[in-house]
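**Student:** My structure is below; once you've seen it, I'll send some questions.
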Amino acid sequence: MVKSPSPERNNEGFLEDAWAWSRDTAEEIASEDGLELSENHWEIIMFLRDFYKEHEISPPSNRLFVKAVKDAMGEEKGNSIYLMQLFPGTPAKTACRIAGLPRPTNCL
Amino acid sequence: MNELHTLHILNKTPDHPRFGECLGMLGPDDAIVLIENGVLGLAAAEGFHSARVYALRDDVAARGLSGSTQATSLVDYSEWVGLTLQAERVISW
Amino acid sequence: MNNLDPHSFTLVITGAPYSTQAPQTALSFAKAAIAAGHAIDRVFLYGDGIHLASALVTPPSDEPHWPKNWATFLEEHEVPGVACIASALRRGLVDDKEQKRYELDASNLRAPFTIAGLGEWVEGNIKSSRTLYFHGDR
Amino acid sequence: MAMLIIIDQPPYGGWTGREALDMAFSLAAFDQPVSLLFIGAGVNWLRTGQNTSGIEQKSVEKNLAAAPVFGIEDILADRISCERYGIAPPELADSVVLTDANAELLAQYSQAAFAG
């Protein structure tokens, strides 16, 4: 299988165009963070992409990211420890980057 | 002095939609402070129901309205600061 | 609430200097509050209010310089002045850090103002006895 | 008691409403109780079927739909303003509650603010 060229990204590794994203892109970005994507990762990544499509915004802070996951999947996954394990650092930022969503404005 | 529920700070002219919204949410134990262009409400002889009406002296004077303030108490900045602390809540329109 | 006890205020300015009276009314209010023995916890610039923190504002020499006057006040009374980052970036106000982050040609934030998120506003709201808003007139 | 964020400006022609929504989101992010009130021309936020592709702006209809997810308590719409702009209750999302914007409503909140 021939891989298409990697889509353009900014200096913090975020995609310039959320719709240029593919699963290959996600794996490439994740590997830069030393992450190998499991089914648990994919579940959150696809949730974030659906959320972005539905609301035209990504959750604007880490706390709201956790709230949105909790609203969709319950306490077991909608908690910061679980999401931190999957997406180290600032989970919302790491997860948005892998999911191909725009760089948050650091508003909150 | 009576209890002061909400202090409404109004800086819009009577033609601005928010002027009317403010009057619509005015309660009997509320007070208004007219500031900036809000003081033009004095010239337009707006009815403020039973609310106490204050107007910021500097803004009234700047607009040449010192003569149209019979039922209004003119306040300076320091008295305005005091009013914001007397009220249960303050809303800036 | 007894207005003779010292209180603290968070002031939110959403009107731009020279398009609205908001920054100037807010400064008079702030000075009166301090003169009465109260404290200004912080000043938060939001929406068009962020223009007050621009280092490039240059009014004619015979008009008051509101950004400079505000900066002097903040320094004198050690009051934090914070511009909302989302409002600032959209309107072209950046500090050195954001200049680097977005690879821009220049920065234009006036000291002692800083750029931060709405969390600063939420915190001021919780900590202060009163939060006052100074809007434009449109 | 909750804070009331008021939106009285219609969407798209200006940014104040969006900045009001951001204020509400940030209160929710810090677990501070907050509700939204739409009044005057602001009720035009609540119309369904907004298609913004032609003006290259994000849909406030879609943005606002995230409010309940983030824990914003109530989304209120002033009854008279809705009548004025021909927004009938069936057109309002389930999460929107019709109310009368008056002193009694204001008294239920510790603070009320506009974004600009």
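The values are calculated or read from the model by the stated rules, or taken from the named source; none is laboratory data. Predicted model, so just to flag it, every value in this text is computed and none were measured. Heads up, the Cβs are rebuilt from the backbone with ideal geometry, glycines too, and the neighbour counts pull from every protein chain shown. When the accessible area is computed, the model is the full protein with side chains, heavy atoms only, and any ligands, DNA or RNA have been set aside. Shrake-Rupley method; radii C 1.70, N 1.55, O 1.52, S 1.80 Å.
**Student:** Show C:Val57, C:Val122 ordered by accessible area, largest first, where the area counts protein heavy atoms only and the probe is 1.4 Å. Show your work: numbers first, answer last.
**Tutor:** Working: C:Val57 30, C:Val122 0 Å².
Heavy-atom accessible area, descending, gives C:Val57, C:Val122.
**Student:** How big is the stretch C:64-138 in terms of Cα radius of gyration and Dmax, in angstroms?
**Tutor:** 13.8, 41
**Student:** May I pose another question? Where the centroid of each part is defined by its Cα atoms, how far is the stretch D:1-39 from the stretch A:37-108 in Å?
**Tutor:** Measuring centre to centre over Cα atoms gives 23 Å.
**Student:** Please list D:Val96, D:Val34 from largest to smallest accessible area, probe radius 1.4 Å, with all protein chains kept in place.
**Tutor:** On the way: D:Val96 25, D:Val34 0 Å².
The residues order as D:Val96, D:Val34, largest area first.
**Student:** Quick check for me: using +1 on Lys/Arg Cβ and -1 on Asp/Glu Cβ, what's the dipole size of the stretch D:3-113 about its Cα centre, in debye to the nearest 20?
**Tutor:** With Lys and Arg at +1 and Asp and Glu at -1, about 280 debye.
**Student:** Within the protein assembly as shown, what percent of beta bridges assigned by DSSP are antiparallel, to the nearest 5?
**Tutor:** Numbers: 2 of 50 bridges.
Expressed as a percentage, antiparallel bridges in the protein assembly as shown total about 5.
**Student:** In nanometres, what is the gap between the two model label sites at A:Asp71 and A:Glu28, each 7 Å from Cα along Cα-to-Cβ?
**Tutor:** Output for this residue pair reads 3.2 nm.
**Student:** Please calculate the 1.4 Å probe accessible area of B:His5, with all protein chains present, and give it to the nearest 10 Å².
**Tutor:** Number for this one is 60 Å².
**Student:** Same structure again: Can you give the relative contact order of the stretch A:21-79 as a percent, counting alpha carbon pairs under 8 Å and 6+ residues apart? Don't jump to the answer; show the numbers that get you there.
**Tutor:** Details: 25 pairs, mean separation 9.8, N = 59.
Worked out over the stretch A:21-79, it gives 17 percent.
**Student:** Just from the alpha-carbon atoms, what are the Rg and Dmax of chain B in angstroms?
**Tutor:** 11.9, 32
**Student:** From Cα pairs below 8 angstrom and at least 6 apart in sequence, can you work out the relative contact order of chain A, rounded to a whole percent? Intermediate results must be reported in sequence, preceding the final value.
**Tutor:** Details: 118 pairs, mean separation 37.1, N = 108.
34 percent.
**Student:** Lys/Arg Cβ at +1, Asp/Glu Cβ at -1, dipole of the stretch C:8-134 taken about the Cα centre: which of C:Tyr133, C:His77, C:Ala33 is farthest positive-ward?
**Tutor:** With unit charges placed on the Cβ atoms, the residue in question is C:Tyr133.
**Student:** Within 10 Å, count the other beta carbons around each residue, average over each peptide in B:27-35, A:75-83, and list them highest first. Don't jump to the answer; show the numbers that get you there.
**Tutor:** On the way: B:27-35: 22.0, A:75-83: 14.1.
Ranked from most to least packed, the peptides come out as B:27-35, A:75-83.
**Student:** Please list the equivalent ellipsoid semi-axes of chain C, computed as the square roots of five times the alpha-carbon gyration tensor eigenvalues, in descending order and whole angstrom. Display every interim value, and only then the final one.
**Tutor:** Working: eigenvalues 124, 60, 34 Å².
After scaling each eigenvalue by five and taking roots: 25, 17, 13 Å.
**Student:** How crowded by other chains is A:6-13, given as the mean number of beta carbons from other chains within 10 Å of each beta carbon? Intermediate results must be reported in sequence, preceding the final value.
**Tutor:** Details: counts 0, 0, 0, 0, 3, 4, 2, 0.
Average neighbour count from other chains, rounded to a whole number: 1.
**Student:** Can you find, among A:Leu15, B:Leu42, A:Gly34, the residue sitting farthest towards the positive end of the charge dipole of the protein assembly as shown, where Lys and Arg contribute +1 and Asp and Glu -1 at Cβ?
**Tutor:** B:Leu42
**Student:** Tell me the mean residue ellipticity at 222 nm calculated for chain B from its helices only (DSSP H runs of n ≥ 4, each -39500 (n - 2.57), averaged over every residue, nearest 500).
**Tutor:** -7500 deg cm²/dmol
**Student:** Taking 7 Å along the Cα-to-C-beta vector as the label spot, tell me the B:Ala44-B:Ser68 distance in nanometres, rounded to one decimal.
**Tutor:** Result: 1.0 nm between the two label points.
**Student:** Now, a different point. Specify the inter-centroid distance of the stretch B:14-82 and the stretch C:35-101, based on alpha-carbon positions, in whole Å.
**Tutor:** After rounding, the separation between the Cα centres reads 28 Å.
**Student:** I've got another one for you. In square angstrom, rounded to the nearest 10, how much accessible surface does A:Arg97 have for a 1.4 Å probe?
**Tutor:** Accessible area, nearest 10 Å²: 40 Å².
**Student:** Could you give the C-alpha radius of gyration of the protein assembly as shown expressed as a fraction of 2.2 N^0.38 Å, taking N as the number of residues it contains? Present the calculation step by step, with values, prior to reporting the outcome.
**Tutor:** Details: Rg = 23.5 Å, N = 455, 2.2 N^0.38 = 22.5 Å.
Relative to the rule-of-thumb radius for its length, the protein assembly as shown sits at 1.04.
**Student:** Here's something else I'd like to know. Within the stretch C:29-135, which chymotrypsin sites (Phe, Trp or Tyr not before Pro) sit in a loop by DSSP and count at most 13 neighbouring Cβ atoms inside 10 Å? Could you put the intermediate results ahead of the total?
**Tutor:** Numbers: sites: C:Phe29, C:Phe44, C:Tyr46, C:Trp70, C:Phe73, C:Tyr102, C:Phe113, C:Trp121, C:Tyr133, C:Phe134; in loops: C:Tyr46, C:Tyr102, C:Phe113.
Sparse-neighbourhood loop chymotrypsin sites (Phe, Trp or Tyr not before Pro): C:Tyr102.
**Student:** Same structure again: Is there a simple number for the mean count of other chain Cβ atoms within 10 Å of the Cβ of residues in B:73-86, and what is it?
**Tutor:** Values: counts 0, 0, 0, 2, 10, 7, 2, 6, 15, 6, 1, 11, 12, 3.
The mean count of partner-chain Cβ atoms within 10 Å per residue comes to 5.
**Student:** As an exercise, find the ratio Rg/Rh for the stretch D:3-113 from alpha-carbon atoms, using the Kirkwood inverse-distance average for Rh.
**Tutor:** On the way: Rg = 13.2 Å, Rh = 14.1 Å.
Ratio value, two decimals: 0.94.
**Student:** Hey, another quick one. Not counting ligands, DNA or RNA, and with a 1.4 Å probe, what is C:Ser129's accessible surface area in Å² rounded to the nearest 10?
**Tutor:** 40
**Student:** For chain A, what is the convex hull volume of its Cα atoms per residue in Å³? Please list the in-between numbers first.
**Tutor:** Values: hull volume 11.3 nm³, N = 108.
For chain A, the hull spanned by Cα atoms encloses 105 Å³ per residue.
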